[in-house]
Amino acid sequence: MKIDEITISRAIIESFTREFLDNLEVDAAIAGAGPSGMTAAYYLAKQGVKTVIFEKNLRVGGGMPGGGMMFNRIVVQEEGKRILDEFEVRTTKYQKGYYVADSLETVATICSRTIKAGVKIFNLISVEDVMIDESDRINGLVLNWTATSMAKLHVDPLSIRSKVVIDATGHDAEICRIVVKKLGPKLRTKTGEVIGEKSMLADAGEKALVKNTKEAYPGLVVTGMAANAVFGSPRMGAIFGGMFLSGKKAAEVSLGLLKKA
Ligand code: 48H
């Protein structure tokens, strides 16, 4: 068989476009393919929820590949290890309650399991706004190619509709900040604003993560580092168990919202 360049182009354009069209209306749309976003997506898809992730970067994994200060390892505690066991990510016991995983194995395995569970991940697409209904409930995402904002091009976005949106954008809590900017200080925090992440206090930060994983605004669940930023809790460094547990809780909270919708 002689390989034809145009058939390659047609195969890529047609299959991508078909999948993009298929994800214009979903049950759950997630901003960010870091540990919390992919874990949330995985558990939602396992429950048969149509789930899509938009990741602004070229690669997935968020803060995981860099491990701790570029030593490409992550640490998890007992509860976090149980989730890595479920994904079949290998861990080594360092001492009681502390397990180490290769950060690249973790990213690759979780990404693969998440996609195979039925989640569609679109990389290189940034969430630049939310879509709202008449009562200001969030019901979708506004998207653009990351390259357009990097090049500062004036190109209008496209939108997708979703019954639930999850902010898994990490330290910057980008979606919650957009909500405050566009809809006012109406987040379910003490001030209605993003309170801001506090300095390192690992144990408190990890514990707060799961507690802070909740609906922060009608139709918008916040997970991972974004949850601690929104509700004003400490950071925790390169321990990632809380991110996986937060992702799992975000899936449970979202399932509850979907049942009510
Ligand atoms: C699309 C976006 C947008 C956008 C951002 O940073 P992440 O890894 O986030 P988490 O919360 O899953 O994990 C946090 C963890 O990596 C970490 O930073 C820790 C443990 N820090 C502790 C400490 O003390 O520092 O992933 C977020 C993802 C990234 O891939 C971004 O590129 C992506 O979201 N993203 N995607 N549209 N507007 N904003």
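Some observations on this one:
- In the chain, helical runs assigned H by DSSP with n ≥ 4 each contribute -39500 (n - 2.57); averaged across all residues and rounded to the nearest 500, the mean residue ellipticity at 222 nm is -12500 deg cm²/dmol.
- 3J(HN,Hα) along the stretch 141-148, derived from phi through the Karplus expression 6.51 cos²θ - 1.76 cosθ + 1.60 where θ = phi - 60°, amounts to 10, 10, 10, 8, 5, 4, 4, 5 Hz, with x in place of Gly and Pro.
- Average projected area [Cα convex hull, the stretch 152-261], square nanometres: 7.9
- Across Lys116/Lys214; Lys116/Lys152; Lys152/Lys214; Lys152/Lys207; Lys163/Lys211, pairs whose alpha-carbon gap is larger than 31 Å: Lys116/Lys152; Lys152/Lys214; Lys152/Lys207
- Anisotropy class of the chain from Cα gyration tensor, a/c 1.5 cut: oblate
- Estimated FRET transfer efficiency (Arg161, Ile3; beta-carbon r; R0 41 Å; 0.05): 0.55
- Label point of Asp85 set 7 angstrom out along Cα-Cβ; within the stretch 237-254, amide nitrogens under 19 Å from it belong to 240-249.
- Between Ala117 and His171, the modelled labels are 2.7 nm apart [label points 7 Å from Cα along Cα→Cβ].
- Global form of the stretch 210-261, assessed from the alpha-carbon gyration tensor, a/c cut-off 1.5: oblate
- Most mobile of Met236, Met225, Met70 in a GNM of the chain (Cα contacts under 10 Å): Met70
- Centroid-to-centroid separation of the stretch 40-57 and the stretch 79-110 [C-alpha atoms, Å]: 21
- Computed over the stretch 13-73, Cα set: Rg, Dmax in Å: 13.8, 41
- Environment charge at Gly48 (Cβ cut-off 14 Å; Lys +1, Arg +1, Asp -1, Glu -1): +3
- In the complete set of protein chains, residue-level accessible area for Thr92 is approximately 90 Å², probe 1.4 angstrom.
- Difference of contour (0.36 nm per residue) and Cα-Cα distance, Leu21 to Glu134: 38.2 nm
- P(r) tail fraction, the stretch 89-207 - alpha-carbon pairs more than 22 Å apart, %: 54
- Normalised by the number of residues in the stretch 123-261, the mean separation of alpha-carbon contacts (under 8 Å, six or more apart) gives a relative contact order of 22 percent.
- Among the trypsin sites (Lys or Arg not before Pro) within the stretch 198-261, not one is in coil by DSSP while having at most 13 neighbouring Cβ atoms inside 10 Å.
- Farthest positive-ward along the stretch 25-131 dipole, Cα basis, beta-carbon charges - from Thr92, Ala33, Leu104: Thr92
- Among Ile13, Ile121, Ile175, the residue with the largest mean-square fluctuation in a Gaussian network model of the chain, with springs joining Cα atoms closer than 10 Å, is Ile13.
- Cα→Cβ-extended label distance, 7 Å offset, between Ala238 and Lys181, nm: 3.2
- Cα-only radius of gyration and Dmax that characterise the stretch 2-134, units Å: 17.4, 59
The values are calculated or read from the model by the stated rules, or taken from the named source; none is laboratory data. None of the values given here were measured: they were computed from a predicted structure. Methodologically, a virtual Cβ is constructed for each residue, glycine included, from the backbone with ideal geometry; neighbour enumeration extends over all protein chains shown. For accessibility, only protein heavy atoms count, side chains too; no ligands or nucleic acids. Shrake-Rupley method; radii C 1.70, N 1.55, O 1.52, S 1.80 Å.
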